[in-house]
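Following: one structure in structure tokens, then a few remarks.
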Amino acid sequence: MIAPLKEFDFSKYPMICAHRGDTSLGAPENSCDAIEAALTSGAEMVEVDIQFTTAGDIVCHHDEISGGGKYERFEDIVALVTGKMYLNVELKGYGVVDELPLVPKLFELIERYHMEDRVLYSSFRPDYISELSKERSATIIHPTTEMSSFIGIEAIDQWLPSELLMKTSAASYAAQLSELDQWRMSDILSNKIHLSIYTINTQEEFEQALKFGAKAIVTDRPRDLVQFRKEHFKL
């Protein structure tokens, strides 16, 4: 079993997180095949998107699910990574069902596999992160303009990272490179905010993420990023 997430030494180098598994070899995103590929990529963490069906089942899919769709069971993915990788569980929150009352079921599943100290929860939705942060480590992904309108919080996409963390009790903050302007970077540095950057796929983007002080880097190409990290840090 890997050590608890809180014991990972982020001061040495950034953690590499495989975005929806490792799809660089052709596996579909959020699939067991992509997770199995991620397990051999050298990345320490794998991210999956989860949603709840109307029947209360937890499935993995990025876009809004439909009643007739076939999706990977989240439990099958948890079983694959248990003891081997950290897991970033992103709750999409499209409103197909009211998901917050179902969060205890999610926690129970993770606890059944003894992964509670090795999972990070994430979401664009501040209401979700506020609830998740009461019991688990969670990261707020910077909300988009569309998310601001969807959840009815005016101009939330303009909030500073420190404001998002204060409002949600999140442990960390995630954003795209394009969102990290001077205004936000000054706030991150002055408040010593744990920063994750997505989706980083080239060496140039990797070097930029390092300059910004990223503690975790999310990528579609984990094998390449692991190699970039080895070369940069002479591992």
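Here are the numbers:
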| item | result |
| --- | --- |
| Only listed residue being part of a loop (DSSP other than H, G, I, E, B), under 15 Å from the mean Cα position of the chain (by Cα) and touching a residue at least 60 places away in the same chain (Cβ under 8 Å), chosen from Ala18, Ala43, Ala38 | Ala43 |
| In the range 216-235, residue farthest from Ala38 (Cα to Cα) [restricted to those that are of a type in the set (D, E, K, R) and surrounded by fewer than 18 Cβ atoms within 10 Å (Cβ to Cβ)] | Lys234 |
| Residues that are in contact (Cβ under 8 Å) with a residue 24 or more places away in the chain and among the aliphatic types (A, V, I, L, M), drawn from the range 46-75 | Val46, Val48, Ile50, Ile58, Ile65 |
| Selection count, the range 78-105, where residues are assigned to a helix (DSSP H, G or I) and either among the charged types (D, E, K, R) or in contact with a strand residue (DSSP E or B) (Cβ under 6 Å, 6 or more places away or on another chain) (or both) | 3 |
| Options Ile193, Ile188, Ile197: the member that is in a strand (DSSP E or B), free of Cβ contacts under 8 Å to residues at least 60 places away in the same chain, under 19 Å from Pro14 (Cα atoms) and of a type outside the set (D, E, K, R) | Ile197 |
| Whichever residue in the range 102-134 is out of contact with any helix residue (DSSP H, G or I) (no Cβ under 7 Å at 6 or more places or on another chain), surrounded by fewer than 18 Cβ atoms within 10 Å (Cβ to Cβ) and in contact (Cβ under 8 Å) with a residue 12 or more places away in the chain and, among such residues, is nearest to Ile153 (Cα to Cα) | Lys134 |
| Any hit, the range 217-229, residues being basic (Lys, Arg) and in contact with a helix residue (DSSP H, G or I) (Cβ under 8 Å, 6 or more places away or on another chain) | yes |
| Single residue of the range 67-77 satisfying the filter (surrounded by 11 or more Cβ atoms within 10 Å (Cβ to Cβ) and part of a loop (DSSP other than H, G, I, E, B)) that is nearest to the chain's Cα centre (by Cα) | Tyr71 |
| Pair list, Cβ under 6 Å, 6 or more apart: the range 76-95 residue within 12 Å of Met115 (Cα to Cα), other residue basic (Lys, Arg) | Tyr86/Arg118 |
| Of all residues in the range 136-183 being charged (D, E, K, R) and either in a helix (DSSP H, G or I) or at pLDDT below 95 (or both), the one that is farthest from Ile16 (Cα to Cα) | Glu154 |
| Residue that is out of contact with any strand residue (DSSP E or B) (no Cβ under 7 Å at 6 or more places or on another chain) and crowded, with 18+ Cβ neighbours inside 10 Å, where the choices are Met166, Met147 | Met147 |
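The values are calculated or read from the model by the stated rules, or taken from the named source; none is laboratory data. Computed from a prediction, not measured in an experiment: that's the story for all the values here. In this analysis, Cβ positions are derived from the backbone assuming ideal geometry, glycine residues included, and neighbour counts consider all displayed protein chains.
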